[in-house]
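Below is one structure; the comments refer to it alone.
We did not get these values from a lab; they are worked out from the coordinates using the rules stated. No experiment lies behind these values; they were computed from the predicted model shown. Cβ sites come from the backbone with ideal geometry, for glycine too, and all protein chains shown count toward neighbours.
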Amino acid sequence: MKHLLFKTALCAAGVLAAAPRIHAQTADRKWGVSGYATTLEYRGDLGNNYFTTRNATYGGGLTLSHYLSKGIDINLSANQATLRYPGESGTFTAGGSALTNGRRFYANVSTFGLGFKFKLNNGWALKEDAVIQPYILLQPGFAYIYTDRYTGTYSGNQVLRSMNYGAFDGQAALGLTFRVTDGFSLFAQAGQHVIFRDDERLDGVSTGEDGFFNKRDQYLQFSAGVTANFGKGKDTDGDGVSDRKDKCPDTPTGVKVDENGCPLDTDGDGVADYQDKCPDVKGLAALQGCPDADGDGVADNDDKCPNTPAGVRVDASGCPVDSDGDGVADYQDKCPGTPAGVKVDATGCPLDRDGDGVPDFQDRCPDRAGPASNKGCPEIKAEAKKILNEATKYINFDFNKATLKSSSYPKLEQMVQIMNDYPDYSLSIAGHTDSKGADDYNLRLSYERAAAARKYMLSKGIPAERIEARGYGETKPIADNKTAAGQALNRRVDFDPYLTGETNAAEAKYGPAPSISELRATGQKLPGKKTTGTGAPRSRKAPAKKASARKK
């Protein structure tokens, strides 16, 4: 029964040694339980068995330890072991004298100690989590000893058969702890025990010799075992790493962390995995951990143009900016302000098919070269302009009619040729009269004469949309109607070219007046009375005169 406590302790030590690993004993995990095996070696009155194994005996123990600081732990230990000396029966020599009829002594030694463990892995010599951790143990305690021996005489003194007694015990030890994992370690320790009792000794023999160590039986204890530690430090963010060791104490709940309590960063780019959109590839913090091969500020996984040259401004998709949307990036665009929808060449400049320096979208004649001052169209040559300007002198009509005289045909033919030579131009024909006669009659006559000239040119193949005819009657004189000479000048048909699509030349000169085409398109008739082939309409100013006296 007296050894039942120790047998139980040894079983408990075995269970603890097989327990799952927990955190190493530190300021956070302050409690530790060790289970170990021991062997004892005797030195006393009967002889010296230090550092030999011929009388080896074995035992075991259990220690409960508590962390006080980086340098000191406090231990409570219980150990059960046996001692014997010598191992053979018969006569033997001890202390220079013979022991006859002696066999041996055999002792059960139970020790209990309160120890102070001075650790060298205190941050000064070694780190606290070093693999090898040396220490010094000073442990005062109490020993309970049961000694049994055979009868014999030693130097005239009677050797006791058996005895049970308790005594103060002291141990000084050196040890090494081997850190296997964060929660499991092995240790080996060698310690010197001294029994503090003068009358009855460990071996049951008292020689009376002087000296501190001579008066006291002693033994070496060699121990080896395992340690598991438990406890829990403060962990504010609940990541499993105590605040004392946590270099990132504010980690969000549920985020996986490393041994320092910081969020995992698998690719080592400085962006934690839980914030890293590309956790397996090194990237940039500014791009949530994703790489940017071309350095344009757009992550590769979002970059539609991942090989953009350095320094080029890009849009949100990572492609070079194309400010004018012409399909040519700004850094290659020599004309970055091209209006939307304009076709461009490879340099981003508007197409100029005729190479006249006027882009097609502004060129009224994109297939024929011309100066910008004429909107990219060829200018009518001086001789052609002269023909058009003087045509009014050579276009004649029958008296008071809209019938062309044959003398007008050569000049009209010349104008047909000009229209064919300059296909980008249209022709405005405007008819005018003098002030004699009724206004509405004159207006109709001016329309009909302009229409007659137009009809002739259409008959020569000029498209109808390129010739406009309109009449202004007597409203746009160029000379004084009070004289015959002035009236003659006012009776005219003007021929003015203009670029197709521009404002009608007659309208630009004289103001608006419906063209014949416009009148027909709306189903209207020519304004005024219908002109007659003979005679002149009545004059508003001199109704008594004969119409035949006035020339139209």
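Which loop trypsin sites (Lys or Arg not before Pro) in the stretch 334-423, with loop taken from DSSP, have no more than 16 other Cβ atoms within 10 angstrom of their Cβ? Please list the in-between numbers first.
Details: sites: 334, 343, 353, 364, 368, 375, 381, 385, 386, 393, 401, 405, 411; in loops: 334, 343, 353, 364, 368, 375, 381, 401, 405.
Answer in residue order: 334, 343, 353, 368, 375, 381, 405.
For the stretch 264-336, give the magnitude of the charge dipole about the Cα centre (Cβ charges: +1 Lys/Arg, -1 Asp/Glu; no others), in debye to the nearest 20.
Details: 5 positive and 18 negative charges, 24 e Å.
Value, rounded to 20: 120 debye.
Given just the C-alpha atoms of the stretch 382-549, how large is their convex hull per residue in cubic angstrom? If you can, show how the numbers build up before the last one.
Working: hull volume 19.9 nm³, N = 168.
So the per-residue Cα hull volume is 118 Å³.
Among the listed pairs 385/476; 393/525; 304/343; 455/482, which are separated by more than 27 Å between their Cα atoms? Intermediate results must be reported in sequence, preceding the final value.
On the way: 385/476 22 Å; 393/525 29 Å; 304/343 24 Å; 455/482 32 Å.
Table pairs above 27 Å Cα-Cα are 393/525; 455/482.
Name the aspartates and glutamates eligible as straight-distance cross-link partners of residue 117: C-alpha to C-alpha under 12 Å, and not fewer than 8 places from it in the same chain.
Residue 117 reaches 73.
Under the rule of at least 5 residues apart or a separate chain, name every residue whose amide H is placed under 5 Å from the amide H of residue 426.
Sorted by chain and number, the residues that satisfy this are 498, 499, 500.
Provide the gained length on full extension for the span residue 250 to residue 483, in nm with one decimal, where the gain is 0.36 nm per separating residue minus the Cα-Cα distance. Write down the numbers at each step before the final one.
Numbers: separation 233, 0.36 × 233 = 83.88 nm, distance 10.75 nm.
Net length gain for the segment: 73.1 nm.
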